Number of protein chains: 2
Amino acid sequence: MANTSPSPSPSSEGRILQFPPFQSLVDDGFWRRLSALKLDTLRTDQSPIFISGFYAPCSHSSVSNYLALHSESLPSDSNMESPLERVRGNRNKCPIPGTLLNTNTLESFRSLDRESLLKAEAKRILEDIYSGRAEEDPSVLLRFLIISFADLKKWGFYYWCAFPALVLDPPATLLNLKPASEALNSDEVVSLSAACNEWRNSSVTTDVPFFLVSISPNSGAILRPLKDWELCKDEGQKVLFGFYDPCHLPTNPGWPLRNFLAFISLRWNVEKINFFCYREKQGTADMRLSLVGEALVSPPSAWRDPECIPKAVGWEPKGGKLMPRFVSLAESMDPERLAVSAAELNLKLMRWRTLPSLDLDMLSGVRCLLLGVGTLGCEVARILMAWGVRKMTLVDSGRVAMSNPVRQSLYTFQDCLNGGEFKANAAARNLKQIFPAVEAEGIVMPIPMPGHPISAKETDTVLESCKRLEDLIESHDVTFLLTDTRESRWLPTLICSNKNKIAITAALGFDSYLVMRHGAGPMPTAPGPCGTATDVESAGPRLGCYFCNDVVAPIDSVSNRTLDQQCTVTRPGLAPIASALAVELLVGLLHHPNKINAKGENAGSIVSSSEETPLGILPHQIRGSISQSSQLTLLGHSSHSCTACSQAVVTEYRQRGLEFMLQAINQPTYLEDLTGLTELMNSVGSCQLDWIDDDAADGDEIDDF
Amino acid sequence: MANTSPSPSPSSEGRILQFPPFQSLVDDGFWRRLSALKLDTLRTDQSPIFISGFYAPCSHSSVSNYLALHSESLPSDSNMESPLERVRGNRNKCPIPGTLLNTNTLESFRSLDRESLLKAEAKRILEDIYSGRAEEDPSVLLRFLIISFADLKKWGFYYWCAFPALVLDPPATLLNLKPASEALNSDEVVSLSAACNEWRNSSVTTDVPFFLVSISPNSGAILRPLKDWELCKDEGQKVLFGFYDPCHLPTNPGWPLRNFLAFISLRWNVEKINFFCYREKQGTADMRLSLVGEALVSPPSAWRDPECIPKAVGWEPKGGKLMPRFVSLAESMDPERLAVSAAELNLKLMRWRTLPSLDLDMLSGVRCLLLGVGTLGCEVARILMAWGVRKMTLVDSGRVAMSNPVRQSLYTFQDCLNGGEFKANAAARNLKQIFPAVEAEGIVMPIPMPGHPISAKETDTVLESCKRLEDLIESHDVTFLLTDTRESRWLPTLICSNKNKIAITAALGFDSYLVMRHGAGPMPTAPGPCGTATDVESAGPRLGCYFCNDVVAPIDSVSNRTLDQQCTVTRPGLAPIASALAVELLVGLLHHPNKINAKGENAGSIVSSSEETPLGILPHQIRGSISQSSQLTLLGHSSHSCTACSQAVVTEYRQRGLEFMLQAINQPTYLEDLTGLTELMNSVGSCQLDWIDDDAADGDEIDDF
């Protein structure tokens, strides 16, 4: 470098070379991505994760640059390998390999042996220097480490970055350090500036933070990769060892020089090292900010020993102290988004250990139709939401009465005022107030009922309700039957049976409950070539529906009943239990490979560790009694005389449609005639009377209202 | 009446005597009282009820008076006899006997045979005339009837009043009718006016609406009771038949005259009847409003036949039509009061048939302390409220987190904003928004836990919490243990055990639950003379507490646990089930004659129709699993090594108080040493490790948070 070599200034000559610490900047995206990764993929796994940090040369005269961690620093779901290759050629994002150790608990985080971790990283850097890997890919010289604990519940993150630097002993001595614009002659400055910009503008080299500057005697400068060292040396040209310097200080080179010096010294045995701290301003090389310096390095001889554990420093200080950092995203996050994440948290945690096969995406997409939004409907909606179900349609024609809020968990006193809001609307709105992301729609509509004759002028309205109910069931995946009378469950049962749609019934007696899933319908949804359903019938007995055990058709059960017969006279604990079991039954069913065709299982009938049923057995019916503290599972097959799901009824419904419904509504004996129940009852005689008396106590008729 | 007899005016001479209908005025108090009577006392009973109506003379020149029904028209709870005697001597409330037929259904109301009912009442009036009862108590001449259906759910009342009047055939003929001031001479007017005021001012006669006016030849008038008829007749004085006339019309006498004429004609065989329609103005007799008239009456001879069913009229028209009336109290009632009535409705209806022995007053007075207001606490509070429990204190130190509302049924999204409200406060407030009459108080306080050592400077605060917890448990009847860790249940268990207070525990595993009631404590609440508890111990084995089966003392179970171990990883249906069972267990216990000392019953162990347990069996523990669709009852006696309820621990606690607590908190092995568990464990060896691993899956440790 002859006449251009910078003359040592009094202030820098012979002093120990010192480096301001590298700084990390971890953005919210990184933590969000880590949260998702932890919840969905890593779960309890604490293995180190290969990540990427990004940095760029300092680009401002008074602000140093950071090592930044973004969401793309972390692996993608599909590929847990290092994400380095995904982002190349971005001049502001020179990728640096890093390792993330995310612990499962705060205690583990605190008790990590940081000293050993740092030494292990330093050892890897040393190995990469000797192996030549650092010459091929110099970014490994900046290898970093981050340890963290993610409190996913509170969106709080404890973390600590380290930029491991091999400690030279004795330390390097700085012989001189000047702005490049002063250290070089003006031709060299111009040429070097141009060469740097060329290097930075090429997508191949722009994110390569270490390089050689070769300056010819005629002041022509070019930038070359490290692996050209032998060539440069042989050519006898002056060489500066250049690096992207994140530091803005005119008095010191940045942190990356530390391992670079060790590399140059160890790899190439250079002791007097001319270095070039490359810095920019407004996106182009700036030779007044960039520094040129000269350092004397004598590497510790111990490093030659393959077993050597090098001394290292690099844990990032916080406010001058060695301590971890904490960031809370909760405060900065959009509350609704936070609510969504939080609601998913418990569900995703289930997949960590207990239920890895839980299909939360499926659940969030399931469209549920709730017929009746009383004690059962409110509770079912809540528990569906807790399971992550997002799409619900709530049907009820009633208004919120004063007696409702203490038992119907979606309503408050406010909803009862001024005559009461429509339950369907109040329930949908209140669900959103609990969880803004739920897609709940309320539909104010009565369910047409057989045996409740209607006048001619009502016919159009009722048939419209029939049609609307058909459309609703068709456009949902699951229908819950949660109304307060037996007869209001008939039409939805029939429609579900015809469409092979999942139907779940919950019904309450005074202190007993029934929860069941209906079996598949008697015929294929699209009629086969022969128009019959032999294939379905021959597949084995279908599970029954709510009406399969009945020997009378559903009739008007509301008129002429005393108040205690009309109202929900049930023990208050009943509805929460039945509702919970109904939703759990659905979740089990949706996770069964055979879905609606899954056989009914009874308690104790299968091994609990069955792989196919991680959620447990999948019963057909669950009946329980609070007063007896008992619960049992039952299995009932479909009846050929069923007024709601037998082939005779479904066939008639398919052929005659609304006309059929109208007849069922207006003519109480029609369904019994159609299914042969009339004949059956005649043969049984007066037994029927006893049965009807028992009905109320049996829990199949007095439900909620 | 000689020269004073009014000369027939052209307009009234010989015309048929006509009467404007009597009118009823039923006030809200009547319906409220009827509602209470129906719900609490009558229940399904439809027997006729004897009631009282009240009326007074017309007191305004342009407004007729009514027959009024007030709350005191109905019988009191303690006495279903006619309430007539309760209100006598009130000048504005002449009591009239009536009969109320309140049906159980609207259909029954509509199908009542009103014609027959009216005739039956008319027949009773006829009988009272013949028997002389009407002479003794002329109010029976105004005997009335009201039929009703009370829709207690909607606070709507359908009703129809009848004022049965015997129909004279041929009808009475009005010979003349004039204001008394015109019909009588001025001396007579003055004298009659004074006599009327005297009658009305005497508490004995003021509410006697029928009387005789005897006018002496020197124009002196006096009023006499009907039974003086024979005397009056014999004295040869002029007699007017007087009655309190509710009617204001100058052209017609009021309705009471109808049966009065029939009475006079039948009882005394008078055919030409001089009557006096007594009316007032501003509380005194008004002779310009009062009328004097003369009518010709010939009673139907058929009435002499004892079997005769007399023709009668009297169903009150509504707007000129014969139809029932409907009144809705819902609109006029204070909404909060309406809410209270409505909330009680379902509970009271239970007593109609299913649970006559249900003690709702007891439940509304029970003071419940809920420790923990998470998934379990929210649901328990709701179900307690549905059972009519009004007094609740909710203790929690946490704030509502974003993940809470979808599972913790008392919170909404709004409660999570700005860092989240304290759960205890939000829960108490939101309970009131559901049901304004609930007396819920939130207390933000942590539960001190054993094995969670505290620093010296925390000691005062923690001991204060201990003291406060003692006070809270002391001032409540029941403590629910609903916190999320095992160790936080220890101190309340111990305090309840010491005080013999009812403690109910609910705890969740991933898909299993435990609900139990703790047994009584090992010693009497007030130490006996010998300071020992031999008498209690010898009474038979005590039921165990939550810790009785444990072989390790409760320790810090929160620190150093992964997120899924820290959070509520439970199936969403679990908490509603466990909460419901916990409340139902309490309600059963409170209805058991032995309360906390009641033996533990197992499913199937007793006859279901047991009179002593109308709410069913009273188990000690209920354990269930959703995945196995199973539920079973267990019975476990107290352990002598129990760290929470054994005599050793309770004795130590009594003797050393807060000092003992502090040692338990700070010294993890203290409780085990004290109870001999340390020794036990040493003898068992390494088995303990397996047990701890199973713990999480066993449901006793991971609860809600």
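Every read-out reported here was derived from the displayed coordinates using simple, explicitly stated rules and does not represent laboratory data. From a predicted model like this one, the values you see are computed outputs, not experimental measurements. Using ideal geometry, Cβ is built from the backbone for each residue, glycine included, and neighbour counts are taken over all protein chains shown.
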Check: In what sequence do B:486, A:304, B:351 fall when counting other Cβ within 10 Å, fewest first?
Finding: A:304, B:351, B:486
Checklist line | Electrostatic dipole magnitude of region A:46-201 [Cβ: Lys, Arg +1; Asp, Glu -1; Cα centre; debye, to 20] | finding: 480 debye
Notebook entry, point to check: What net charge is computed for the residues neighbouring residue B:30, neighbours being all others with C-beta under 13 Å from the C-beta of residue B:30, Lys and Arg scored +1, Asp and Glu -1?
Noted result: +1
Note to self: Let me check the size of the protein assembly as shown from its C-alpha atoms; what are the radius of gyration and Dmax in Å?
What the structure shows: 45.3, 162
Checklist line | Cα-projected label distance for residue B:205 with residue B:45, points at 7 Å along beta-carbon direction, nm | finding: 3.9 nm
Next item on the list: Give, as a single signed number, the net charge of other residues whose beta carbon lies under 15 Å from the beta carbon of residue B:184, with Lys and Arg counted +1 and Asp and Glu -1.
Entry: -1
Margin query: Within 9 Å, Cβ to Cβ, of residue B:474, how many net charges do the neighbouring residues add up to if Lys/Arg are +1 and Asp/Glu are -1?
Written below: 0
Check: Within chain A, what percent of beta bridges assigned by DSSP are antiparallel, to the nearest 5?
Finding: 70 percent
Next item on the list: May I ask you to work out the translational diffusion coefficient for region B:159-257 at 25 °C, viscosity 0.890 mPa s, via Stokes-Einstein with Rh from the Kirkwood sum over Cα pairs, reported in whole µm²/s?
Entry: 162 µm²/s
Next item on the list: Only Lys, Arg, Asp and Glu count, each charged at its Cβ (+1, +1, -1, -1), so figure out the dipole size of region B:447-499 about its Cα centre, rounded to 20 debye.
Entry: 140 debye
Checklist line | Distance between modelled label sites at residue B:27 and residue A:648, nm, 7 Å Cα→Cβ extension | finding: 6.2 nm
Note to self: Using a label point 7 Å beyond Cα on the Cα-Cβ vector, give me the inter-copy distances for residue A:318 in nanometres, one decimal, shortest first.
What the structure shows: 7.5
Next item on the list: List the relative contact order of chain B as a percent without decimals, with contacts defined as Cα pairs under 8 Å and 6+ residues apart.
Entry: 11 percent
Check: Where the label is 7 Å out from Cα toward Cβ, how close does residue B:119 come to the same position in every other copy, in nm, shortest first?
Finding: 11.4
Check: Tell me, what is the percent relative contact order of region B:397-537, built from C-alpha pairs under 8 Å that lie six or more residues apart?
Finding: 14 percent
Next item on the list: Would you be so kind as to identify all helices of chain B, as entire DSSP H runs, whose Cα atoms reach 18 Å or more along the helix's own axis and whose mean Kyte-Doolittle hydropathy is at least -0.5?
Entry: B:186-201, B:335-352, B:459-474, B:574-590, B:647-666
Notebook entry, point to check: Label-to-label distances across copies for residue A:634, with labels 7 Å out along Cα→Cβ, in nm, shortest first?
Noted result: 2.9
Check: Could you give the dipole magnitude of the protein assembly as shown about its Cα centre, charging the beta-carbon of Lys and Arg +1 and that of Asp and Glu -1, in debye to the nearest 20?
Finding: 2340 debye
Item checked: Interatomic Cα distance distribution for region B:88-214, bins of 5 angstrom, percent -> 2, 9, 13, 14, 14, 16, 13, 9, 5, 4, 2, 0, 0
Checklist line | All-pairs alpha carbon distance profile, chain A, 10 Å steps from 0, percent | finding: 3, 13, 18, 15, 10, 9, 9, 9, 8, 4, 1, 0, 0
Checklist line | region B:617-626 - phi-based ³J(HN,Hα) in whole Hz, Karplus 6.51/-1.76/1.60, Gly and Pro as x | finding: 6, 10, x, 8, 10, 10, 10, x, 9, 6
Next item on the list: Bin width 10 Å, alpha-carbon pairs only: give the P(r) of region B:259-330 as whole percents, running from 0 to the bin holding the largest distance.
Entry: 15, 26, 29, 24, 6, 0
Item checked: Pairwise label distance in nanometres, residue A:441 with residue A:305, each label 7 Å out on the Cα-Cβ vector -> 7.5 nm
Notebook entry, point to check: Order of B:188-195, A:34-41, B:206-213, B:470-477 by packing, highest average Cβ count within 10 Å first?
Noted result: B:206-213, B:188-195, A:34-41, B:470-477
